[in-house]
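Chemist: Dropping a structure here in structure tokens format, bear with me for questions.
Read-outs throughout are calculated quantities, based only on the coordinates presented, and are distinct from any laboratory measurement. Only a predicted model underlies this, so the values are computations on that prediction, with no experimental measurement involved. Here Cβ is always computed from backbone atoms with ideal geometry, including for glycine, and neighbour counts include all displayed protein chains.
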Amino acid sequence: MADRVVLVTGASRGIGRAIALALAAAGYAVGVNYVARRPEAERVVDEIRARGGEALALPADVSDRAAVEAMFQELDGRFGRLDALVNNAGIGRRVAALTAIDDDTWRRTLAVNLDGAFYCMRAAIPRLRAAGGGRIVNVSSGAARTGGAIGAHYAASKAGMLALTARAARELARDGIAVNAVLPSVIDTEMLGEIATSAEARERLAAQFPIGRFGRPEEVAQVVRFLVAEAPAYLTGESIALRGGRL
Ligand SMILES: NC(=O)c1ccc[n+]([C@@H]2O[C@H](COP(=O)([O-])OP(=O)(O)OC[C@H]3O[C@@H](n4cnc5c(N)ncnc54)[C@H](OP(=O)(O)O)[C@@H]3O)[C@@H](O)[C@H]2O)c1
């Protein structure tokens with residue numbers, strides 16, 4: 001049995017990978033969820049183990065309720081408890097005009113980003129209660145407030161995560177479960193390829209931020225680590241934006 005356990009969804013690469021490594025460094029055994037890229041997820045697990053930590057790769061499409069439930073059971077079997085959940089798995093295919101969003105894109109984006117977060121929260125809450133409290137962090141996006149650059153489907157899914165965060169924070173406060181959201185603006189991961197396809201476009205986009213660059217996955221992970229491993233239970237229902245000064 002591990003002392004403290006966290007499940008990070010979409011932890012094979014990008015922001016989720018950085019969060020998994022940061023929480024492992026903070027002493028958590030980490031469930032490293034992914035959907036397709038097994039070698040990447042295994043590499044994250046290996047990296048954590050090489051540093052003396054504990055981790056387990058957990059394949060599951062978070063939009064698939066049965067797969068989510070099976071994933072939590074696998075985590076139970078391996079670590080025997082759950083102290084925190086980070087809903088980070090997400091997709092965002094750029095479709096600039098709302099009128100150009102087809103049904104599949106709309107449904108798939110909502111299914112992964114919003115249904116996925118809901119399914120994972122619903123499965124996690126009884127386990128967090130059993131552990132005597134815990135933390136949930138939802139990786140939303142600045143797009144939830146501004147509309148963003150990917151499209152209305154993505155912005156709506158991320159805004160939905162803020163409502164989930166607010167409602168769950170109210171509901172779970174007396175159980176010692178704090179629920180917060182982080183709202184990154186533009187972070188340098190594969191997803192950035194959706195909104196800036198050339199070096200020139202990247203430069204133009206980065207220049208929109210007073211800090212003069214995109215955020216790094218490790219910077220988001222630092223905030224998540226604070227919310228999971230250090231912040232008091234009284235800090236709940238909050239959204240923390242990482243936006244490089246672009247207000
Ligand atoms: N990058 C940004 O600028 C930015 C800004 C604001 C918010 N965000 C949010 O931050 C989160 C991480 O973004 P990122 O930039 O790190 O993305 P990324 O590099 O594209 O990585 C996405 C991660 O999500 C996983 N994933 C995708 N669909 C999944 C599904 N159906 N079930 C389970 N896992 C799934 C992927 O797994 P596989 O490797 O197996 O495919 C991968 O681990 C997302 O929620 C994104 O919306 C990103």
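Chemist: Could I have the simple spin-label model distance between Arg246 and Gln208, label points 7 Å from Cα toward Cβ, reported in nm to one decimal?
Modeler: 0.4 nm
Chemist: Let me ask you something else. Could you check the simple spin-label distance between Arg78 and Ala166, using points 7 Å along Cα→Cβ, in nm with one decimal?
Modeler: Here the answer is 3.6 nm between the modelled labels.
Chemist: Once each part is reduced to its C-alpha centroid, what is the distance from segment 1-77 to segment 172-214 in angstrom?
Modeler: 22 Å
Chemist: Now a separate question. Could you please tell me the mean projected area of the C-alpha convex hull for segment 5-242, averaged over all directions and given in square nanometres to one decimal?
Modeler: 12.4 nm²
Chemist: Sticking to Cα atoms, compute the Rg of segment 47-91 to one decimal and its Dmax as the biggest Cα-Cα distance, whole number, in Å.
Modeler: Rg, Dmax (Cα atoms, Å): 11.8, 33.
Chemist: Using only the alpha carbons of segment 107-193, what is the convex hull's orientation-averaged projected area in square nanometres?
Modeler: 5.8 nm²
Chemist: Could you grab the relative contact order for the chain? Cα pairs under 8 Å, six or more apart, rounded to a whole percent.
Modeler: Normalised by residue count, the contact order of the chain is 20 percent.
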